1. Among the residues of the range A:123-140, is there at least one that is without any contact (Cβ under 8 Å) to a residue 24 or more places away in the chain, charged (D, E, K, R) and touching a Gly at 6+ places or on another chain (Cβ under 7 Å)?
2. Among the strands (runs of 3 or more DSSP E) contained in the range B:76-172, which hold 3 or more residues that are more than 11 Å from every other protein chain (Cβ to nearest Cβ)?
3. Name every residue in the range B:7-35 that is assigned to a strand (DSSP E or B) and within 10 Å of chain A (Cβ to nearest Cβ), in order of residue number.
4. So if I check each of A:ARG45, A:ARG57, A:ARG52, which one is assigned to a helix (DSSP H, G or I) and among the basic types (Lys, Arg)?
5. Search the range A:51-91 for residues being touching a residue at least 60 places away in the same chain (Cβ under 8 Å) and surrounded by 12 or more Cβ atoms within 10 Å (Cβ to Cβ), and hand back the single one that is nearest to A:LEU105 (Cα to Cα).
6. Given the conditions (1) more than 7 Å from chain B (Cβ to nearest Cβ); (2) over 20 Å from the mean Cα position of the chain (by Cα); (3) not in a strand (DSSP E or B), which single one is not true for A:GLU194?
2 protein chains.
Amino acid sequence: MKVYAVGVGPGDPELVTVKAAKLLSEAGVVVVPFSSNKVASLAERVISPYVRGKIVRVKLPMRREVEEEELNTIANSLCSELKDFKEAVYVTLGDPTLYSTVFRLIDRMPCVEEKELVPGVTSFTACASRASMSLALGGDAVAVVPADRRDVLSKAVGVFETIVIMKGSMGLRESMRLLEGYDVIYARRCFMDEETLGKEIVEEDYFSMLIARVRKDAKR
Amino acid sequence: MKVYAVGVGPGDPELVTVKAAKLLSEAGVVVVPFSSNKVASLAERVISPYVRGKIVRVKLPMRREVEEEELNTIANSLCSELKDFKEAVYVTLGDPTLYSTVFRLIDRMPCVEEKELVPGVTSFTACASRASMSLALGGDAVAVVPADRRDVLSKAVGVFETIVIMKGSMGLRESMRLLEGYDVIYARRCFMDEETLGKEIVEEDYFSMLIARVRKDAKR
């Protein structure tokens, strides 16, 4: 079968692309991967205006180190569920190339003969848009760093004009302390119901981030 | 007036968001900034299925250092052209927060009382999608670096799992030489008519880029 791995954007159904909307509405079956019920319901809220076919939920373990065998079992069982379909749409919040689970699973699915990725709006440009700020002008460089990668962050500070700290569930406050010389915005769930933007960290969860722009007067 | 700064994605009209499509089709006037006639025609091809109102082209100088006075003159003259409208859509290829001209101009326009940014699909996730590759899995960090910023690139190599070299008109080949330990893909005009993807640099232009993923066996 052919699987479309489709980015559905940051959380607003209107920020789905025309292509994604079309694929979702024509699909006989739509796969929604989730690590918690909350993530599944977020994704389902985004796609609900479009989907007409069957929805298959796939629970994926959140841990970074997942046993091969466990993933193979999930992949096989998903193929059994999809056996009556020639095509399926695999939904991913944001963009499929940035931190999506799709690559962990799709390449293990024995029923998948062909895959096509459809890019979507990523959460960090969505949050910058909500803050009416530019991430990069002219020759600026941008670093996108998960919150638990303080090894990378410490080397990016003072080098990159913009640093985005993603996946805020693991140490957003500690990352904040390293961002000397930067103006920092906290953003969470941009374009979703619980959107929060401001200067203070309100909550550290997977959907929260920091966007740091170097101060013009900062030493370089 | 209110101006919507709308990202229209990498180049395929289907990769415009539902929101952008709606704003474009309802707009009485759509502003298309361009630095060369080729860029204007690319943007116009993307929006043509949607736009029903008037199109206003604005020629912007490409040089990084533009005189304040020159930009102010352009901003004022644009306001005269828009004087009969309460709202306008300002089109930007890709996403308005990444290397868009919108911030240079919009904040100087005396007629603009309100602005709203609408995020779009950026060119580098679009190119990664076309290459069926992941830019980041798990805890990977991503650097986005313009091709003439070899000061940043030399510090990013060996630290970031993925390095994207954007704006390939200024030294793509020289950047390539610094990417030791990485598998590199050359990508140009993804989702456009002249799309090119491969291992070799074919042309160095503004719409070409390198996507580098660290090799698993590379020293860290």
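1. There is no residue in the range A:123-140 that is without any contact (Cβ under 8 Å) to a residue 24 or more places away in the chain, charged (D, E, K, R) and touching a Gly at 6+ places or on another chain (Cβ under 7 Å).
2. Correct list: B:87-92.
3. Pass one, the range B:7-35, residues assigned to a strand (DSSP E or B): B:7, B:9, B:17, B:29-34.
The answer is B:GLY7, B:GLY9, B:THR17.
4. Numbers: A:ARG57 fails: assigned to a helix (DSSP H, G or I); A:ARG52 fails: assigned to a helix (DSSP H, G or I).
Only one candidate qualifies: A:ARG45.
5. The selected residue is A:TYR90.
6. Failed condition: (2).
Taken together, the values in this text are just the output of simple stated rules run on the coordinates, not laboratory data. Note that the coordinates shown come from a computational prediction; the quantities given were computed from them, not determined experimentally. Heads up, the Cβs are rebuilt from the backbone with ideal geometry, glycines too, and the neighbour counts pull from every protein chain shown.
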